[in-house]
1. Rank L97, L63, L79 by mean-square fluctuation in a GNM of the chain with C-alpha springs under 10 angstrom and give only the top-ranked residue.
2. Considering Cα pairs under 8 angstrom that are at least six residues apart, work out the relative contact order of the chain and quote it in whole percent.
3. Go ahead and run the numbers for FRET between L79 and R25, Cβ-Cβ distance against an R0 of 30 Å, rounding to 0.05.
4. Projecting each Cα onto the charge dipole of the chain (Lys/Arg +1, Asp/Glu -1 at the beta carbon, about the Cα centre), which of W21, S58, L39 comes out farthest on the positive side?
5. How far is helix 23-49 tilted, in degrees, relative to the longest principal axis of the Cα atoms in the chain, given as a value from 0 to 90 rounded to the nearest 10?
6. How far is helix 118-144 tilted off the main Cα axis of the chain, in degrees rounded to 10, range 0 to 90?
7. How much length is gained on full extension from R122 to A89, taking 0.36 nm per residue of separation minus their Cα-Cα distance?
8. Only Lys, Arg, Asp and Glu count, each charged at its Cβ (+1, +1, -1, -1), so figure out the dipole size of the stretch 22-144 about its Cα centre, rounded to 20 debye.
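Values quoted throughout were computed directly from the atomic coordinates according to the rules given, and no laboratory measurement underlies them. The structure displayed is predicted, hence computed values, not measured ones. Cβ atoms come from the backbone with ideal geometry, glycine included; neighbour counts cover every protein chain shown.
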Amino acid sequence: MAQNVHDNHLGIKGWAFGGSWSFERYLYTLHRLTGLGILAYFLMHIFVTTARVFGPDSWNTLLGEHGFLKMTVFKIGELMVFAAFGFHAFNGIRLALVELGFLVGKPIEPVYPYKTCLNTSRAATAVLMLLAAVVIVMGGWDFFMD
């Protein structure tokens with residue numbers, strides 16, 4: 001008996017760039033990238049907090065008043081992590097609403113010309129991305145007003 005086996009010849013390229021390039025596809029790729037960025041931050045955070053085990057001198061070298069992590073490049077990195085969290089959270093809300101069926105509309109018979117739910121879904125996407133942008137700008141304002 002023959003099985004239908006479809007190998008993934010695209011690898012990571014297919015993971016990140018497969019499919020049509022609509023607005024939702026860009027959000028999909030950015031959602032994956034921000035998820036990986038948040039994971040990288042989480043791992044770095046664990047590494048930095050383990051410095052506490054090696055005593056106050058090690059901790060002050062990293063996080064003291066003039067510590068290594070107080071440099072401007074790390075301040076910008078913190079802002080990027082905050083922006084990633086903001087986008088990832090609001091896009092996650094959008095995805096949850098789509099998966100639960102709130103943004104896809106009622107099922108209809110597929111008769112040409114096909115009706116879509118883009119009017120509902122795109123409006124919700126715009127509102128949620130606008131809210132994410134407002135949160136990111138407010139957080140950025142707070143980051144640089146110290």
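1. Largest GNM mean-square fluctuation: L63.
2. The value is 21 percent.
3. The pair L79/R25 has a calculated efficiency of 0.70.
4. Positive-most Cα among the choices belongs to W21.
5. Taking Cα atoms only, the helix is inclined about 30 degrees.
6. In the chain, helix 118-144 runs at an angle near 10 degrees to the longest axis.
7. That works out to 10.1 nm of additional length.
8. It works out to roughly 320 debye.
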